[in-house]
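The structure appears right after this line, and notes come after that.
The values are calculated or read from the model by the stated rules, or taken from the named source; none is laboratory data. Keep in mind it's a predicted model, so treat the numbers as computed, not measured. All Cβ positions, even for glycine, are placed from backbone atoms using ideal geometry, and neighbour counts span all protein chains on display. Remember, those area values only see protein heavy atoms, side chains included, never the ligands or the DNA or RNA. Shrake-Rupley method; radii C 1.70, N 1.55, O 1.52, S 1.80 Å.
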Amino acid sequence: MLWSNRTDRDDEKLWKKFVPTLHTKTVIFPVNIKNTHWCLIQLDTEESEILMYDSLDWKNKVFLSRLQGFLERMGKKIYPNQEKWHQWKIKEVKEHFIRQTDSVSCGILTCWYGYILGSGKKLEHWENSEKDTLKACREVYTAIMVSILANKLTMPSTLHPARTTKIRGG
């Protein structure tokens, strides 16, 4: 998404995907860092803040500065008269939330963080223990994978919300 040798054309294509979502207060999306680790990004568009929820608590400064630069470049270009789009702040997430204790749970926890934050809740208010939450996340993940493999999962198409697309098992 934010490789170092991006062109203006690359930025414009990506920005077109962002624009519809940036008119809401909060935008939440997963990112993959160096094709090895999943994290969750939350953009607060009213405060122009970038928050990263990382199950390993890596700082990911390079990625965050690239995302910040992208948002600021595009904001100045597309919204030249709106200052709030010109300066994004990287805000450290200070709340306590469940971290991974292994080398494989980042994707599951990233989905979990998105689910909780998308529900309007705070991660620190989750009442189950870390062990119970990881177990629940893995059970949900397993159920999804079994459904996909059994060719029974039907999901709305992202391109045509009125249609549905059946996902084929591998």
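Before moving on, here are some points about what is shown:
- Per the conditions (1) at pLDDT below 90; (2) closer than 27 Å to Cys137 by Cα, the sole criterion not satisfied by Leu2 is (2).
- Taking the conditions (1) modelled with pLDDT of 75 or more; (2) more than 18 Å from the chain's Cα centre (by Cα); (3) open to solvent by 90 Å² or more (accessible area, probe 1.4 Å) in turn, Leu149 satisfies each one other than (1).
- Listed by first and then second residue, the pairs with beta-carbon distance under 9 Å, at least 6 apart or on different chains, first residue in segment 104-118 and under 11 Å from Cys137 (Cβ atoms) and of a type outside the set (A, V, I, L, M), second part of a helix (DSSP H, G or I) and open to solvent by less than 30 Å² (accessible area, probe 1.4 Å), are Ser105/Leu134; Ser105/Cys137; Cys111/Cys137; Trp112/Leu123; Trp112/Thr133; Trp112/Leu134; Trp112/Cys137; Tyr113/Leu123.
- Filtering segment 87-107 to residues that are closer than 15 Å to Asn32 by Cα, polar (S, T, N, Q) and open to solvent by less than 40 Å² (accessible area, probe 1.4 Å) leaves only Ser105.
- Residues in segment 70-94 that are of a type outside the set (D, E, K, R) and modelled with pLDDT of 90 or more: Gln87, Trp88, Ile90.
- Within segment 61-83, the set of residues being within 14 Å of the chain's Cα centre (by Cα) and open to solvent by 10 Å² or more (accessible area, probe 1.4 Å) comprises Phe63, Leu64.
- Within segment 41-68, being without any contact (Cβ under 8 Å) to a residue 24 or more places away in the chain and more than 20 Å from Thr26 (Cβ to Cβ) holds for Lys59, Lys61, Val62.
Each row is one residue, and each column tells you yes or no for (1) open to solvent by 80 Å² or more (accessible area, probe 1.4 Å); (2) modelled with pLDDT of 80 or more; (3) basic (Lys, Arg).
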| site | (1), (2), (3) |
| --- | --- |
| Leu109 | no, yes, no |
| Tyr113 | no, yes, no |
| Lys122 | yes, yes, yes |
| Leu134 | no, no, no |
| Met145 | no, no, no |
| Ser157 | no, no, no |
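- Here Tyr141 does not qualify as aromatic (Phe, Trp, Tyr), at pLDDT 80 or above and within 21 Å of Ile28 (Cβ to Cβ).
- Pick from segment 5-58, criterion more than 27 Å from Gly120 (Cβ to Cβ) and assigned to a loop (DSSP other than H, G, I, E, B), ranking: modelled with the lowest pLDDT: Asn5
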